[in-house]
Amino acid sequence: MRPFKPPAAAAAGSVASRLAPLDARTVKAGFDPLTCRRNLHFNFLISSGRNDRAREVFDQMPEKTVHSLNRMLWRYSRSGNLAAAEDLFGTATCRNAVTWTIMMGVAAAGGRDSNAVSVFRDMLRDGEAPDHVAISTVLNVPGCDVASLHPFVTKLGLGTSLVVCNTLIDAYCKQGFIAAGRRVFLEMPERDTVSYNAMMMGCSKEGLHREALGVFAEMRREGIDTSQFTFSSMLTVATGMVALHLGRQIHGLVVRAGSAHNVFVNNSLLDFYSKCDCLGDLEQLFREMTDRDNVSYNVMISAYAWNRCANKVLQLFRKMQAIGFDRWALPYASLLSVVGSLPDIEIGKQIHAQLVRLGLASDDLVGNALIDMYSKCGMLDTAKTSFANKSEKTAVSWTALITGCVQNGQHEEALQLFCDMRRIGLRPDRATCSSIMKASSSLAMIGLGRQLHSYFTKSGHMSSVFSGSALLDMYAKCGCLDEAIRTFDEMPDKNSITWNAVISAYAHYGQAKNAIRMFESMLHCGLYPDSVTFLSVLAACGHNGLAEECMKYFNLMKYYYSMSPWMEHYSCVIDTLGRAGYFDKVQKVLDEMPFEAGPIIWSSILHSCRIYGNKGLAKIAAEKLFSMTPTDATPYVILSNIYAKAGRWEDAARVKKIMRDRGVRKESGNSWVEIKQKIYSFSSNDQTNPMIAEMKEELERLYKEMDKLGYEPDTSCALHLVDDELKLESLKYHSERLAIAFALINTPPRTPIRVMKNLSACQDCHAAIKMISKIVNRDIIVRDSRRFHHFKDGVCSCGDYW
């Protein structure tokens, strides 16, 4: 049988039908048939992802359209071949707004934010008018100066575009300029779901939960549809406010809106229940989720780590491996963060070894997590090695190491790293700002702190509520309470961290009434206190001997806010009750504690026993501390002094002998002052200082004036078992007195003197410095290991209660 062969007429009709569309395109484009066929073939190759073959066809085109150029650039951008995109762009002769927009995206995708902004500037210089897509693209670049670009957007007539306005709100909020974002939001002629979501997300990320809640309420009143991002923002608000009831209401809205099976929304719910310590609700929701991704497991792993469920953490991680998650999707960075929070260096090393074996140790996110993990585990040298081994060190990498140095007490090194980071041209972010402010406050370098304040103001970071809170904390810890309060008053936006910082500042200065006033103001503003808030309030009560108020706020925390007190909260309560002499109540609190008392508790009890000479309880507390902190000399010294004060010299000598036999050495008293941005350190009875003769002469002059005012040295603060002359001599040259004498010699009259001390000030030094402040007519601020003492006109801010 012969194969079927259609008639000639039919065959001709078939060819004509195939050529007709081609001829139409040819006529429309004005190209010859060959060019049009190449374009069709080129588009087919682009759509199928065959980049190399598409480029060959593109290069062979006798007439290249801007449309074909854009298609080729877009394909390179999507496939990650950024270098090829840049080469092609450089040789292109015809470009339009779309071309420039694609290249902005290419530069941003390569992590070169400044290059993306430069491309936008080149576009303007080339005479190409940007459209709303180009404007939105450049606004989304992290390095974009939104404030300077905004007027230009208005001039272009795009200031009322819904898409552009939404992008402006988002860009302002991401850079911490919430007030500017809110102004754009209020001036918009129309708003949609994206507008409200951007405003809510901005407020919630900055901790402005009450404002975010107000935006959500307005959104509901206006009848604007909610989305998964709306629910995510509101759950962030509920988490920040520790408002379990609000979170459950949002959960109900999620169910009613039909989003109960949306993995993104469910992950936000998991995060909410995790951070509200609702482990039961968390596990139930996780079990009920029909769809889970790596974020779901990440949240569960973090929640189990927070609740010290190490076995469940490892079980979930192994389950992820067994399910077959791609190795890049496995939460190694989260797991390393968990290990650092435990901390458990052995598990950390095992994970590190696995990362090396899988070839993932060089990943940027994982590398930064390794630096963070080793720092939190106290292995700073290994963290530095991980940092040095990174092929590309981003701002996040530098910030991780700077934070690690601060956490491990290497504050000078943190400052040096910050200088190195700036020297190579990397721009610090607000996390860097916060860490470096902590380094400055720990060193009590107010001059450096003011320089940092100026730098971060110029770089635009001080508009962030988190940076402002770090600045407030820095001024407070450097002994500048007035500047700390001024910073608080000038902050346009405040969150719970800000309020915690100002309450803590008042607490450390012994101003309990102001601390409590701020606490009540915080509640009045609609913010919810957290565990840190109550810790500061309890400490303030303790520093002023307010035992009744202390118990009031402790019970408020437990029974009204349903918070489980930490060991530190119990320590504050026990310290306050003990220092007030209520040892029966101390015993009651000890009995009610849900965990065994730790060193911080027994140390508080021992200090209270020193005040009241409670030898029996002091012995029990000291023996507990001997076993818990065997290298700490403090309990030996306090117990010995209690015995000596009671005239039980043999018992005092026995405690000193035990201390010597165990090789425990008392930490020497050290003080330091900052003068002209340089730190000067002093130790008690230091004879090596080059200015020791001048300092002694200055102190002798002051002692003569003090004698006239009736000063009598308290020899109970001096060495025991030595003669009275040696006792008096040892008191004269305690480290804080040498520091004050040095400052008096080297600073202008009437300027404040700020002294930092590693130990608690003794009673005799406290009395002496009160008189010195009156004689020299200067404010003297001393920060010891417990609190601040502000001496002025012969009076101390602590009211002689410390």
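The values are calculated or read from the model by the stated rules, or taken from the named source; none is laboratory data. Just so you know, these numbers come straight off a predicted model, no measurement behind them. Here Cβ is always computed from backbone atoms with ideal geometry, including for glycine, and neighbour counts include all displayed protein chains. Side chains included, ligands, DNA and RNA excluded: accessible areas come from the protein's heavy atoms. Shrake-Rupley method; radii C 1.70, N 1.55, O 1.52, S 1.80 Å.
Residues of segment 123-152 that are touching a Ser or Thr at 6+ places or on another chain (Cβ under 8 Å), in a helix (DSSP H, G or I) and open to solvent by 20 Å² or more (accessible area, probe 1.4 Å): His132, Val133, Thr137. Each residue in segment 153-195 was checked for being modelled with pLDDT of 90 or more, assigned to a loop (DSSP other than H, G, I, E, B) and open to solvent by less than 50 Å² (accessible area, probe 1.4 Å), and 2 pass.
If you check Leu417, Leu365, Leu370, Leu360 for being of a type outside the set (Gly, Ala, Ser), open to solvent by less than 30 Å² (accessible area, probe 1.4 Å), in contact (Cβ under 8 Å) with a residue 24 or more places away in the chain and assigned to a helix (DSSP H, G or I), only one passes: Leu370.
From the list Tyr297, Tyr273, the lone residue that is more than 26 Å from Leu370 (Cα to Cα), part of a helix (DSSP H, G or I), among the hydroxyl-bearing types (Ser, Thr, Tyr) and at pLDDT 85 or above is Tyr273.
Residues that are assigned to a helix (DSSP H, G or I) and either surrounded by fewer than 20 Cβ atoms within 10 Å (Cβ to Cβ) or in contact with a strand residue (DSSP E or B) (Cβ under 8 Å, 6 or more places away or on another chain) (or both) within segment 476-496 comprise Lys477, Leu481, Asp482, Glu483, Ile485, Arg486, Asp489, Glu490, listed in sequence order. I'd like to verify a number: residues in segment 451-475 that are open to solvent by 20 Å² or more (accessible area, probe 1.4 Å), assigned to a helix (DSSP H, G or I) and more than 22 Å from His789 (Cα to Cα), how many? The qualifying residues number 10.
Scanning segment 669-702 for residues that are farther than 16 Å from Ile745 by Cβ and either touching a Lys or Arg at 6+ places or on another chain (Cβ under 9 Å) or open to solvent by less than 70 Å² (accessible area, probe 1.4 Å) (or both) returns Gly669, Asn670, Ile679, Ser683, Ser684, Asn685.
Scanning segment 608-634 for residues that are outside any helix (DSSP H, G or I), more than 18 Å from Leu759 (Cβ to Cβ) and within 38 Å of the chain's Cα centre (by Cα) yields a single hit, Pro630. Can you name every residue in segment 739-759 that is touching a residue at least 40 places away in the same chain (Cβ under 8 Å), over 19 Å from Gln677 (Cβ atoms), assigned to a loop (DSSP other than H, G, I, E, B) and not aliphatic (A, V, I, L, M)? Matches in segment 739-759: Asn758 only.
Considering (1) in a helix (DSSP H, G or I); (2) surrounded by 18 or more Cβ atoms within 10 Å (Cβ to Cβ), the lone condition that Asp591 does not fulfil carries the number (2). For segment 247-266, what are the residues that are touching a residue at least 12 places away in the same chain (Cβ under 8 Å) and closer than 24 Å to Gly214 by Cα? Of everything in segment 247-266, those that are touching a residue at least 12 places away in the same chain (Cβ under 8 Å) and closer than 24 Å to Gly214 by Cα turn out to be Gly247, Ile250, His251, Leu253, Val254, Ala257, Ser259, Phe264, Val265, Asn266. The residue pairs whose first member lies in segment 698-715 and is part of a loop (DSSP other than H, G, I, E, B), whose second member is crowded, with 16+ Cβ neighbours inside 10 Å, and whose beta carbons are closer than 6 Å, counting only pairs six or more residues apart or on different chains, are Leu709/Met771; Tyr711/Met771; Pro713/Leu731; Pro713/Asp764; Asp714/Asp764. Sub-8 Å Cβ pairs linking a first residue in segment 72-84 that is more than 15 Å from Val57 (Cα to Cα) to a second residue that is among the hydroxyl-bearing types (Ser, Thr, Tyr), at least 6 apart or interchain, are Leu82/Tyr76; Ala84/Tyr76, ordered by first then second residue. Residue check: Val66 meets all listed conditions (1) within 24 Å of Met123 (Cα to Cα); (2) open to solvent by less than 60 Å² (accessible area, probe 1.4 Å); (3) modelled with pLDDT under 75 but one, namely (3).
Please verify whether segment 328-339 includes one or more residues that are open to solvent by 90 Å² or more (accessible area, probe 1.4 Å), outside any helix (DSSP H, G or I), over 20 Å from Lys376 (Cβ atoms) and out of contact with any strand residue (DSSP E or B) (no Cβ under 6 Å at 6 or more places or on another chain). The answer is yes; a qualifying residue exists. Just checking, does segment 242-263 include any residue being under 22 Å from Pro492 (Cα atoms), assigned to a helix (DSSP H, G or I) and open to solvent by 40 Å² or more (accessible area, probe 1.4 Å)? Within segment 242-263, not a single residue is under 22 Å from Pro492 (Cα atoms), assigned to a helix (DSSP H, G or I) and open to solvent by 40 Å² or more (accessible area, probe 1.4 Å).
Consider segment 549-574 and keep the residues that are of a type in the set (D, E, K, R) and modelled with pLDDT under 95. The one that is nearest to the chain's Cα centre (by Cα) is Glu568.
Criterion applied to Thr236, Thr226 was being open to solvent by 20 Å² or more (accessible area, probe 1.4 Å) and part of a loop (DSSP other than H, G, I, E, B), and the one residue passing it is Thr226.
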